[in-house]
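Engineer: First the structure, which I've put down as structure tokens, then a few questions once you've had a look.
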Amino acid sequence: MQADDTTAAAAGSCDIRVLGPLSADLHGISLVPTANKPRQLLALMALNTGQVLPVATLMDEIWSNADIPRSALPTLHTYVLQLRRLLTKALGQDGRAARDVLVTRPGGYLLDVPAEAVDVTAYRQLLSRARSATARGDNVTAARAYDEALGLWRGPALVDVQPGAVLRPEVARLEENRLGVVEERIETWLQLGCHAQLLDELASLTGRHPLNENLHAQFMTALYRAGRQSRAMETFQNLRRRLVRELGVEPSRRVRTLHAAMLAADPALDVLPADNRARLTFAAA
């Protein structure tokens with residue numbers, strides 16, 4: 001078997017998911033421990049496959065801002081041993097030892113699984129495909145790739161893991177990226193004329209993110225194009241009141257310009273409803 005085939009086979013037998021509850025299966029057997037601290041280690045390693053995580057970093061994750069106890073190193077070794085026991089059970093007759101997967105390196109540990117085994121890798125590949133399609137003006141392909149990427153999410157990232165000082169910012173970055181991608185996806189569908197189909201989703205998103213100006217601008221645009229100008233104006237006023245009351249600022253120039261264009265019934269805002277191909281794509285997404 002060629003090296004590439006070996007990697008593909010390994011990726012196919014290993015399935016790690018962090019875009020939602022932590023899930024890690026090898027040959028169909030779960031690798032996720034019950035206790036939170038070894039779960040933290042597994043989650044952190046899954047987000048950094050193929051990279052050596054120093055012992056000091058792992059300790060920072062486990063004990064965060066608390067004083068690291070004298071027993072920290074043997075305790076860390078115990079957690080690693082727990083993960084290796086789960087690996088041993090899953091490997092079975094695989095021919096590999098647990099130490100070949102959760103590898104000891106000078107000063108740290110490395111999770112040696114293919115990057116393709118982790119859902120974050122597929123997510124990033126789909127985003128790259130979507131953005132490339134957008135750059136060449138192929139919005140239908142872009143919209144489909146955005147939908148597929150966001151479809152990999154099964155809830156908040158690592159929602160069932162209590163993160164420590166190292167994992168917490170990584171989870172926050174994933175969630176921030178997710179919201180940005182949602183906005184990119186909606187912008188693509190708006191360009192395809194699918195404003196009516198986006199109204200419910202945007203109403204929910206603006207409710208959950210009441211100070212997000214970009215989502216409100218997209219909601220205003222969708223409402224205006226769907227013939228609901230009064231609701232679009234109301235959305236602007238509600239946003240403005242919140243920004244002034246909570247942050248002491250006016251809406252951004254972009255939002256104010258959009259509002260003025262709507263008041264002037266600027267024809268540049270109009271986009272024809274989605275054609276049949278876009279509608280079919282949207283329905284299948």
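Engineer: So for segment 192-285, what percent of the C-alpha to C-alpha distances run longer than 23 Å?
Structural biologist: Working: 1118 of 4371 pairs.
So the portion of pairs separated by more than 23 Å is 26 percent.
Engineer: Sticking with this structure for a sec: What dipole magnitude, in Debye to the nearest 20, does segment 126-285 give about its Cα centre under +1 on Lys/Arg Cβ and -1 on Asp/Glu Cβ? List each step's numbers first, then the result.
Structural biologist: Values: 22 positive and 19 negative charges, 36 e Å.
My answer is approximately 180 debye.
Engineer: Quick check: the angle from helix 36-46's long axis to the longest principal axis of the chain, C-alpha only, nearest 10 degrees?
Structural biologist: 70
Engineer: Below 8 Å, C-alpha to C-alpha, sequence gap of six or more: please give me the relative contact order for the chain in percent.
Structural biologist: Answer for the chain is 19 percent.
Engineer: What residue among ALA222, SER204, LEU269 has its Cα farthest toward the positive end of the dipole of segment 192-285, where the charges are +1 on Lys, Arg and -1 on Asp, Glu, each on the Cβ?
Structural biologist: Positive-end residue among those listed: SER204.
Engineer: Please compute the Cα-Cα pair-distance distribution of the chain with 5 Å bins starting at 0, giving whole percents from short to long.
Structural biologist: Percent of pairs per bin, in order: 1, 5, 10, 13, 13, 12, 11, 9, 8, 7, 6, 3, 2, 0, 0.
Engineer: Next up: With only Lys, Arg, Asp and Glu charged, each at its Cβ (+1 for the first two, -1 for the last two), find how big the charge dipole of the chain is about the Cα centre; round to the nearest 20 debye.
Structural biologist: About 480 debye.
Engineer: With a cut-off of 8 Å between alpha carbons and a minimum separation of six or more residues, what is the relative contact order of segment 192-285 in percent?
Structural biologist: RCO, segment 192-285: 35 percent.
Engineer: Can I ask one more? Angle check, please: helix 195-208 long axis (alpha carbons) against the longest principal axis of the chain (alpha carbons), in degrees 0 to 90, nearest 10.
Structural biologist: The angle comes out near 60 degrees.
Engineer: Given segment 1-170 reduced to its alpha-carbon atoms as identical point scatterers, what log10 I(q)/I(0) does the Debye formula return at q = 0.11, 0.12, 0.14, 0.15 Å⁻¹?
Structural biologist: -0.51, -0.60, -0.78, -0.87
Engineer: Can you tell which of VAL103, LEU58, ALA72 lies farthest toward the positive end of the dipole of segment 58-114, using +1 and -1 charges on the Cβ of basic and acidic side chains (Lys, Arg; Asp, Glu)?
Structural biologist: Working it through, the farthest residue towards the positive pole turns out to be VAL103.
Engineer: For the Cα atoms of the chain, what angle does the longest principal axis make with the long axis of helix 213-225, in degrees from 0 to 90, nearest 10?
Structural biologist: Roughly 40 degrees between the two axes.
Engineer: Let me ask something else about it. Could you give the size of the charge dipole of segment 192-285 about its Cα centre, using +1 on the Cβ of each K and R and -1 on the Cβ of each D and E, expressed in debye and rounded to the nearest 20? Before the final figure, lay out each step's value.
Structural biologist: Values: 13 positive and 9 negative charges, 36 e Å.
Once rounded to the nearest 20, the dipole reads 180 debye.
Every number in this text was worked out from the coordinates using simple rules, so none of it is lab data. The structure displayed is predicted, hence computed values, not measured ones. Quick reminder, even Gly has a Cβ in these numbers, built from the backbone with ideal geometry, and neighbours come from all protein chains shown.
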